[in-house]
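Undergrad: Sharing a structure, written as structure tokens. Questions coming.
The values are calculated or read from the model by the stated rules, or taken from the named source; none is laboratory data. Keep in mind the model is a prediction, meaning the values are calculated, not measured. Virtual Cβ from ideal backbone geometry, glycine too; neighbours counted across all protein chains shown.
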Amino acid sequence: MASSGESGNPFEGVPFFGDIMRMLQQAGGQTGLGWDVARQMAVAVATDGESEPNVDPIERMRFDELVRVADLHVADATGLATAPASRVLGVTPVTRADWAVRSLDAHRPLLERLAGSLTRMSEDPDGPELPDDPDDPMAGMLSGLTQMLGPMMLGMTAGSMVGHMARTSLGQYDLPLPRPATDDLLVIPANLAELAEEWSLPDDELRLWVCLHEVTTHAVLGRPHVRERLETLLGSYADGFRLDPGALEASFGDVDPSDPAGLQALVDRPEALLGAMRTDEQAATATRLEAITSAIVGYVDHVMDTIGTKLIPSYGMTTEVQRRRRVTSGESARFVERLLGLDLGQRQYDRGTAFVAGVVDRAGEAGLQRLWADETTLPTPAEIDAPGLWLARIDL
């Protein structure tokens, strides 16, 4: 049998990696993203490989009652429609596995666009060239990675990260990412029960808190121009990935292609592969994304504070728990944020809070309601830090 140097195939004779490559080839389909593998990974991680009990039907009844309360208060406080006129906003309690699969499906267009970007990079004849030495196994490995493993690993990584998020998320808007406007809101009763027990929070008050948060965020993201702005920016960020062969070689230069353990470490380091592909060109897009997401989370917090303090006896404690959770989120959420160009640390939440407070101080609640009026009233990055500029621009 020819050696890897003779054949030019650094994976020859390494069954472990060959099995992975065959699996990825079979799963990739025409889009380059392995959805079956992504779903399997998401479910396995979300459930830790254990079977989950079905959601108690009583949970649906409880949430149906609470979301009606939340819906009325949010609509009254914001003036925003919380659902299309033809339907009533509903809540669907789901298992962690179901949440993970539905979340992957909801974000499939964006993830496929990202996978397409990685595929185009590997096929672009005018793009940067990888080392092409037939006697260098690492050169061949890097070439194979860019052509196949990048987009395929994205599917595996997306499944893994969404699975991890399913183990901690309470609803569907822990990250302010648009979802189909006609879908019911998703909540995970198992995670709510764990949080309530851990912090001694009243169950129904926690459920109502989550309903208020989900309905308010849904109302903002349901505005067509807000959804369009987010989708455009997220898509632009996904399209902006470019291959950096030098960074790839630096990331994986210590991997021995003849060592299965080394190849396993390679598969376990998707952030290194994708991190090498992030570029300075995406910085401007990320800055604009941060501006609109800061405005969204700041506005949602303000509405929550306005309504929740009157409606939920344990609102202060519950809110403190939630705000602590979101800025200490696990690496899974952080990786998803980096992958999509989002950055929602404490600084971003503080920017949003300061912007909304500045608007209310200068123009009252009526001025704040102009925030989502149309495309022209969405704040720029500079205006997020200077709400007076925003008010001057929209003539308030």
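Undergrad: Out of the range 355-366, which residues are in contact with a helix residue (DSSP H, G or I) (Cβ under 9 Å, 6 or more places away or on another chain) and more than 12 Å from TYR299 (Cβ to Cβ)?
TA: Hits for the range 355-366 are GLY358, ASP361, ARG362, ALA363.
Undergrad: Now for a different question. Which of (1) modelled with pLDDT of 90 or more; (2) in contact with a Leu (Cβ under 6 Å, 6 or more places away or on another chain); (3) over 18 Å from GLY171 (Cα atoms) does THR78 not meet, given it meets every other one?
TA: Among (1) modelled with pLDDT of 90 or more; (2) in contact with a Leu (Cβ under 6 Å, 6 or more places away or on another chain); (3) over 18 Å from GLY171 (Cα atoms), the lone unmet condition for THR78 is (2).
Undergrad: Then there is this: From the list GLY352, GLY345, pick out the single residue that is surrounded by 16 or more Cβ atoms within 10 Å (Cβ to Cβ), at negative phi and in contact with a helix residue (DSSP H, G or I) (Cβ under 7 Å, 6 or more places away or on another chain).
TA: On inspection, the qualifying residue turns out to be GLY352.
Undergrad: Have a look at LEU206, LEU274, LEU266 and point out the one that is touching a Ser or Thr at 6+ places or on another chain (Cβ under 8 Å) and at pLDDT below 95.
TA: So the residue among LEU206, LEU274, LEU266 that is touching a Ser or Thr at 6+ places or on another chain (Cβ under 8 Å) and at pLDDT below 95 is LEU274.
Undergrad: If I ask for residues that are among the acidic types (Asp, Glu) and buried (at least 19 other Cβ atoms within 10 Å of the Cβ), which ones from the range 38-94 would you list?
TA: Selection gives GLU59, ASP71.
Undergrad: Can you pull out the residues in the range 71-97 that are touching a residue at least 40 places away in the same chain (Cβ under 8 Å) and part of a helix (DSSP H, G or I)?
TA: The answer is ASP71, HIS73, VAL74, ALA75, ALA77, THR78, ARG96, ALA97.
Undergrad: Residues LEU175, LEU104: which one is at pLDDT 80 or above and in contact with a Gly (Cβ under 8 Å, 6 or more places away or on another chain)?
TA: Residue meeting the stated conditions: LEU104.
Undergrad: While we're looking at this one, here's another question. What is the residue count in the range 177-217 for residues that are free of Cβ contacts under 8 Å to residues at least 60 places away in the same chain, in a helix (DSSP H, G or I) and either of a type outside the set (D, E, K, R) or surrounded by 19 or more Cβ atoms within 10 Å (Cβ to Cβ) (or both)?
TA: Qualifying residue count, the range 177-217: 4.
Undergrad: Could you give every pair whose Cβ atoms fall below 6 Å, whose first residue belongs to the range 229-245 and is within 10 Å of LEU114 (Cα to Cα), and whose second residue is part of a helix (DSSP H, G or I) and at pLDDT 85 or above, counting only separations of at least 6 or pairs across chains?
TA: Qualifying pairs under 6 Å: LEU234/LEU110; SER236/THR285; TYR237/GLN282; TYR237/THR285; GLY240/GLN282.
Undergrad: A follow-up question, please. Looking at (1) more than 24 Å from MET165 (Cα to Cα); (2) at pLDDT below 95, which one does TRP372 not meet, given that it meets all the others?
TA: All conditions are met except number (2).
Undergrad: Go through (1) at pLDDT below 90; (2) within 21 Å of THR168 (Cα to Cα); (3) part of a helix (DSSP H, G or I); (4) out of contact with any Leu (no Cβ under 8 Å at 6 or more places or on another chain) for GLY49 and report which single condition fails.
TA: (3) is the only condition that GLY49 fails.
Undergrad: I'm checking my understanding of the structure. Among residues of the range 368-396 that are within 27 Å of the chain's Cα centre (by Cα) and among the aliphatic types (A, V, I, L, M), which one is surrounded by the most Cβ atoms within 10 Å (Cβ to Cβ)?
TA: Result: ILE384.
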